Amino acid sequence: MNRLLGVLVAAVAMVAQAEDAGGLTWTAPTEWAVQGPRPMRAATYKIPAAKGDTEGAELAVFYFGQGQGGAVDANVKRWVGQFQTADGKPITKEAKTKTEKVNGMPLTMVDVKGTYTGGGPMMGPSTPKPGYRLLGAIVEGAQGAVFFKLTGPEKTVAASEKSFRKLLESVKKQ
């Protein structure tokens with residue numbers, strides 16, 4: 001009986017996390033640990049380090065309200081501006097962006113690599129982090145944009161890319 005109970009508890013713990021913000025829902029991968037509440041964030045996930053990396057990555061999800069959070073292009077520029085080349089110059093051509101639809105909603109994606117300098121005193125690392133990568137996505141829902149920002153060491157982010165894509169494909173209107 002105790003063994004059966006243990007199996008049931010483990011099975012329940014493996015169920016994917018469903019989250020929501022701004023009238024949208026999504027399902028996070030089970031291997032991503034849900035973190036506690038943080039200022040300005042709808043959700044935060046800790047992603048385990050890939051082999052060869054000393055630290056994991058983080059997915060921060062932001063929702064500021066309808067008409068809030070700034071224009072999509074301004075957010076993409078801000079995210080790219082949080083990275084520099086190895087010699088300290090701004091990232092320009094190296095960043096990749098694309099737009100598409102996910103479940104009928106506009107989706108803008110950004111992919112940038114380099115030295116991560118962060119998003120200011122409240123949101124970035126205390127020291128620049130070389131060899132980092134950001135995968136960002138902005139889903140434009142009826143109640144406003146939801147921002148998904150995955151940052152971490154390049155190998156860990158690369159290892160999480162398919163899971164991140166699957167999370168984005170799970171985004172639906174409530």
Note to self: For the chain, what does the helix formula give at 222 nm: sum of -39500 (n - 2.57) over DSSP H segments with n ≥ 4, over the residue count, nearest 500 deg cm²/dmol?
What the structure shows: -6500 deg cm²/dmol
Next item on the list: Could you go through region 159-174 in sequence order and give the Karplus-derived ³J(HN,Hα) for each residue, using 6.51 cos²θ - 1.76 cosθ + 1.60 with θ = phi - 60°, rounded to whole Hz, and x for Gly and Pro?
Entry: 5, 9, 4, 5, 5, 5, 4, 4, 4, 4, 5, 7, 5, 9, 6, 5
Next item on the list: Mind running the shape call on the chain? Use the C-alpha gyration tensor, a ≥ b ≥ c as the square roots of the eigenvalues: rounded below 1.5 for a/c, prolate if a/b tops b/c, oblate otherwise.
Entry: oblate
Check: So between Thr30 and Glu169, what do we pick up on full extension, going 0.36 nm a residue minus the alpha carbon distance?
Finding: 48.5 nm
Check: Whose amide H sits under 5 Å from the amide H of Ala42, counting only residues 5 or more places off or on another chain, with H placed in the peptide plane?
Finding: Val61, Phe62, Tyr63
Check: Can you list the residues, at least 5 places off or on another chain, whose amide H is less than 5 Å from the amide H of Gly56, using H built in the peptide plane?
Finding: Ala49
Check: For region 29-174, what % of the accessible area comes from carbon and sulfur atoms, probe 1.4 Å?
Finding: 53 percent
Item checked: Mean-position separation - Cα centroids, region 64-83 and region 38-60, in angstrom -> 20 Å
Notebook entry, point to check: From a point 7 Å beyond the Cα of Thr99 in the direction of its Cβ, which residues of region 124-162 have a backbone N at a distance under 16 Å?
Noted result: 137-142, 145-146
Item checked: Per residue, in Å², the accessible surface of the chain once ligands and nucleic acids are set aside, probe 1.4 Å -> 56 Å²
Next item on the list: Treat each spin label as a single point 7 Å out from the Cα along the C-beta direction, and report the Lys77 to Ala142 distance in nm.
Entry: 3.2 nm
Check: At what distance in nm do the modelled label points of Lys162 and Thr92 sit from each other, each positioned 7 Å from its Cα along Cα→Cβ?
Finding: 3.7 nm
Item checked: Among Ile138, Ile91, Ile47, residue whose mean-square fluctuation peaks in a GNM of the chain (springs only between Cα atoms under 10 Å) -> Ile91
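The values are calculated or read from the model by the stated rules, or taken from the named source; none is laboratory data. None of these values were measured; they are calculated from a predicted model. All Cβ positions, even for glycine, are placed from backbone atoms using ideal geometry, and neighbour counts span all protein chains on display. Heads up: the accessible areas ignore ligands, DNA and RNA and are worked out on the full protein's heavy atoms, side chains in. Shrake-Rupley method; radii C 1.70, N 1.55, O 1.52, S 1.80 Å.
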